[in-house]
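Below is one structure; the comments refer to it alone.
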Amino acid sequence: MASQIPNRPATLTWTGDAATGHLLLLDQTRLPLEVTQRNCRQLQDVVEAIQSLRVRGAPAIGVAAAYGVVLGLQSVRNNSADRFLKHFKQVSETLAASRPTAVNLSWALQRLNNLNNVNNSLEANQLHDRLLREAQAIQDEDRQTCDDIGRHGAHLMPRQAGVLTHCNAGGLATAGSGTALAVLLAAHTNGHQIHVLVDETRPLLQGARLTTWELRQHGIPNTLICDSMAAWAMKQGRVEAVITGADRIAANGDAANKIGTYALAVLAQQHQIPFYIAAPASTFDLSIESGDQIPIEERDGQEITHGFGTQTAPDDVTTWNPAFDVTPAQLITALVTEHGIIQPVNTTRIQHVLRPTTEQDDDR
């Protein structure tokens, strides 16, 4: 399956070597009206891009953070190894604080830190070069992961019916074809005549601005609806499945995703519609038992009161703007990962599917 839409800039591109290279991002705040790339030449450029949602989606944030480490260490690559590693810790802490909910960010940083521990006898410049290669490996692996998620999940989609999705979980949120959208793309490629209903996804309209844009480029029929229309669409029989991505999944299967996802899961249960979440293994945080322990990012209230620069609420109105909510595992029909389908969604099944392949082979 093709992971990249022809004639569209990649979501993330590294240009050059570790010493002088830089990161090029597709600026998602300008879509869908303007397709433009943004150069990130310093650590703070990457932090700003993550915080402002120029790059977004848990897997893409993880890749961006890995490249952010490389940028943040360019100034000390010719220093002593001790100073290099001390600076690595500072750079990692800065990136880790940029967005708290998406676990792929901390996962990528930990992976680079593990590489440091294994290669602690190298000179700083040699270690820096290896960090770049590891960041590129994370990006390459995510492309394959997206294709594997699509392959595993395609059969879950109806053969000829409507599918509802929320926020954006496509190529813009990953290094490849997406998570939830990878499943939709694979189903479409396999001949499923699906029609995707796209929630606009208030307040930043990632569904309206990004998901419809991607689906149109892939030639997948879609209809944009307001978030508040989802229940009625289900009642009218327009939806036979719901699929979203996730930003962090706890050990028991509770899943954090864009605000509004929990409501869709409740509605799907009420209407006896399967509710699926597609996410890579790197989105699972097995160190926490349940969704109660997932930190929920709260964003500036002006995203609600002054959406895209236009004031739509009275001056000084009180706002509450959580960026994510948590869907309990019991409302999730199945989790789709690159390792296969997790169903039923519980701790035991998650541990079994996410175990290394060699261990699973021993069970056969």
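For region 103-196, which trypsin sites (Lys or Arg not before Pro) are both in a DSSP coil and crowded by at most 15 other Cβ atoms within 10 Å? It would help to have the intermediate numbers written out before the result.
Details: sites: Arg111, Arg130, Arg133, Arg143, Arg151, Arg159; in loops: Arg159.
Here the sparse-neighbourhood loop sites are Arg159.
The equivalent ellipsoid that matches the C-alpha gyration tensor of region 205-289 spans semi-axes of 24, 18, 11 angstrom, in descending order. Converting phi to 3J(HN,Hα) with the Karplus coefficients 6.51, -1.76 and 1.60 and the offset θ = phi - 60°, region 67-74 yields 5, x, 4, 4, 4, x, 9, 4 Hz in sequence order, with x at every glycine or proline.
Region 230-303 and region 33-69 have Cα centres spaced 24 Å apart. Of the DSSP beta bridges with both residues in the chain, give the percent that are antiparallel, rounding to the nearest 5. Roughly 50 percent of the beta bridges in the chain run antiparallel, per DSSP.
Less than 5 angstrom separates the built amide H of Leu224 from those of Val198, all sequence-distant by 5 or more or on a different chain.
By how many degrees, between 0 and 90 and to the nearest 10, does the Cα long axis of helix 103-118 differ from the longest principal axis of the chain? The helix 103-118 is inclined about 30 degrees to the chain.
Express the Stokes-Einstein translational diffusion coefficient of region 152-363 in µm² s⁻¹, to the nearest whole number, given a Kirkwood radius over alpha-carbon pairs, 25 °C and a viscosity of 0.890 mPa s.
Translational diffusion coefficient: 139 µm²/s.
Against the longest alpha carbon principal axis of the chain, how many degrees, from 0 to 90 and to the nearest 10, is the axis of helix 124-153 turned? Helix 124-153 sits at roughly 20 degrees to that axis.
Shape verdict for region 12-147, please, from the Cα gyration tensor: rounded (a/c under 1.5), prolate (a/b greater than b/c) or oblate. Because a/c hits 1.5 or more and a/b exceeds b/c, region 12-147 counts as prolate. The chymotrypsin sites (Phe, Trp or Tyr not before Pro) of region 240-335 meeting both criteria, a DSSP state outside H, G, I, E and B (loop) and at most 11 other C-beta atoms within 10 angstrom of the site's C-beta, are Trp320. Under the criterion of Cα pairs below 8 Å and six or more residues apart, the relative contact order for region 185-304 equals 23 percent.
Using only alpha carbons, build the gyration tensor for the chain and give me the equivalent ellipsoid semi-axes, biggest first, whole Å.
Details: eigenvalues 216, 117, 76 Å².
So the three semi-axes of the chain are 33, 24, 20 Å.
Helical runs (DSSP H, four residues minimum) scored at -39500 (n - 2.57) apiece and divided by the length of the chain put the mean residue ellipticity at 222 nm at -11500 deg cm²/dmol. Positive contributions from Lys and Arg (+1) and negative ones from Asp and Glu (-1), summed over other residues with Cβ under 12 Å from the Cβ of His166, come out at -2.
How high is the relative contact order of region 152-363, in percent, with contacts defined as C-alpha pairs under 8 Å that are six or more residues apart?
Here the relative contact order equals 20 percent.
Computed from the coordinates by the stated procedures, all read-outs in this text should not be read as laboratory data. Predicted model only: the values in this text are computed from it and were never measured. Every residue, glycine among them, receives a Cβ derived from its backbone with ideal geometry; neighbour counts consider all protein chains shown.
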